Every structure is written in C-alpha cells, then in structure tokens.
Amino acid sequence: MIGAAAASAVVLAALLLYVWPRESFSPAPAASAAAAASPGMRPESRTARDEDGALAPGANREKILSYLRSRYGAHIREPYIQIKMLEGLIGYFRARDPEHWKQAVLDLVLAAFPDRYAEIAANLDHWVDYERWMADHQNELQGLGEKQRRDALWEERNRLFGKETAQNIWASEVKNQAFADALLGIDAQGGTVSEKLAQYKESIEDLYQEHSDQFTQRRQQEVMDRFLDLESVQKDLSSASPEERAQSLREIRKGLGLSEEAIQRWEILDGERDARWDAGARYMQEREALAKQLSGADLEARLKELRSRYFGGEADVIEQEEQGGFFRFTRPRRWGRN
C-alpha cells in the first residue's frame, strides 16, 4: 500500500507540474502561501525543509504544537494557511503511519486551534477528496487542452471547497493566469518595444498594486525574461540595428529596475554573446563549404581544426553536440537571452 501511494504521488506531481506553473508570480505573503498550499500540487512532504526542524523525525508533540501556533496562528482563519499547515502535517504523519495519519493530524489541529477545528477538519476532508479526484482523473486531464484542463480543475475545486474558498486557496494561480493573459495581449498588439514595456509595467502594477515594486525586485530576472521571451519583442529586436537593439535592451533592463551596475554587466555579456554568435555564423559558413568539398576522415580532421580555431577550449563540447545532431548556431537568436 505504501508503494502504491508513493507511485501515485509521483504521477500526481508530474501531472501537476505540467498543469500549473512551476512558481507563483505573487509577492504577497498570502498568495505565496496559496502557491505552497495547493492541494495535491506537491504531494511530497514539505516538512523536511522546515527551517527550524519542528516537524523533523522525533519531534515531540509540544514542540509541534508550539510551531503550528507560532507559524500559522496569526492567519489561521485563511483557507490557504489552513491548507498549507495541513499539507505539512499530512506529509509528516503519512510517512510514519500510512493507515492512521488522518486522526493524528486531527488530534494536533484540535489541540492547536480548537476554535477553528471544524473548518480545518472540513478542509482536510476536501483536500483528501481532491487528491483522490486528481489521481482518478490524471489520464483524462492529461488528454485535455490547456483551457479545458483548467476549467475541469476549477469546477472540481469549486465543488469541493466552495468557490470563495477555492479562489482563496488558489489565489496565486488566479493571479498568475491573469499575468499570462496580460502577456498574450501585449504580444498580440502592435507598437514599439518601449510601448510594450510601458504596458507590461502597467499590467504588473494593476495585478500587484502596492506590491508591484516588491514583486519586480524579488522576481527581477524572471520578470525580465518573460518580457524578452515575447515573440513580438524578439521580432522588434531582430529588425533593429545593433545600436538600436542595445538601446532597447538598456531601456528594458532599466525600466524593470536593474541598477546601472547590473545593466553594465548585462551589456558586457551582450557583447560576449554577440561575438560568440558572429563566430558561430562564420564557423557554420566554413563548415558548410568544407562539407561540400570533403568527406570521411578528411572532413572530420578539417572540422576539428575549424572548431579549435573558432571555439578554443569549447571545441570538444561543440564536437560532441554535433555528433549528437545538435548544431547550436542554427538555433534562433534570442536577444538578451542567449
């Protein structure tokens, strides 16, 4: 039975990593908790990572109770906090007693938060039902399109937890979806890179409001990468002159809060990447010409010399990639990204 449960957890984890974003785009403590607390989203125990070791093997009851009250007590009325706490306890007790873990969890909840016991116990039942539903429907969910899958998940969440509670528990996912929708809108519209950047920043402010600056600072690399990954932005950067492109990249980085020192480091990296791609383009031209003239061992010997001349110490890596059928300089150039 333990082996079956573990296998189910692995399958669920794989499915849900596919269904949902790897991380939430929410800087607010409440929304971050919601991301961590999504039922069935991370069926493995999180308790091994608890920094104070309160739920480490061998922890005594009083230490656990003190930990629960100090960590969750201030916001225990919130469903996402209840679920976050429950997932930690479920992982802890399931690993020790797969048959009777639920009663052990309930006993601790009653001792720690007696005035909230009824609602937390109900959410535990909903959590178990949702986990079971995910296991029962994993193949069906994998076969759905993204929107259909999302609609199916929300229908079940609303049914089990109630719409308001489900929205509370999965608040970060709601916000993340709104962010993704905003990106699609920006990518689809016309305008310059500067205009897209302005709308991007406005979307962040609309979604995160007083937390927008905190969000941008905490997820600076991710925020920048998501913007640079927009196809319309890449298209604009590709069509620009080198000087215009460098100015646009500087504007993007500055607009998203990078310091002047960080911008200068990025510009040095841009220069190194440009030189590498220029060398790669020349290498591919010479490689193609050699392939038309030579074959077999003669061709391989000349290619080895060519790779050494263009790539120095990285020549062996390039050779191994090509032997595997991968030619890195035939990939699209992603400005500011590779």
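No lab work stands behind these numbers, since they all come straight from the coordinates. Note that this is a predicted model, so its numbers are computed, not measured. So basically every Cβ, Gly included, is an ideal-geometry build from the backbone, and we count neighbours across all protein chains shown.
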Just order 260-267, 294-301, 200-207 by mean Cβ neighbour count inside 10 Å, highest at the front, would you?
200-207, 260-267, 294-301
Taking θ as phi - 60°, what are the ³J(HN,Hα) couplings along segment 307-318 by the Karplus curve (6.51, -1.76, 1.60), each to the nearest whole Hz, with x for Gly and Pro?
5, 5, 5, 8, 10, x, x, 8, 4, 5, 5, 4
Largest to smallest principal axis extent of the C-alpha atoms in segment 173-236, angstrom
30, 21, 17
How long are the semi-axes of the equivalent ellipsoid of segment 47-198, taking √(5λ) for every eigenvalue λ of the Cα gyration tensor, in whole Å from largest down?
36, 20, 15
In cubic angstrom, how much convex hull volume per residue do the alpha carbon atoms of segment 221-331 span?
133 Å³
Cα-Cα separations in segment 269-338 greater than 20 Å, expressed as whole percent:
28 percent
Suppose every K and R has +1 on its Cβ and every D and E has -1 on its Cβ; what is the size of the dipole of segment 189-258 about the Cα centre, in Debye to the nearest 20?
220 debye
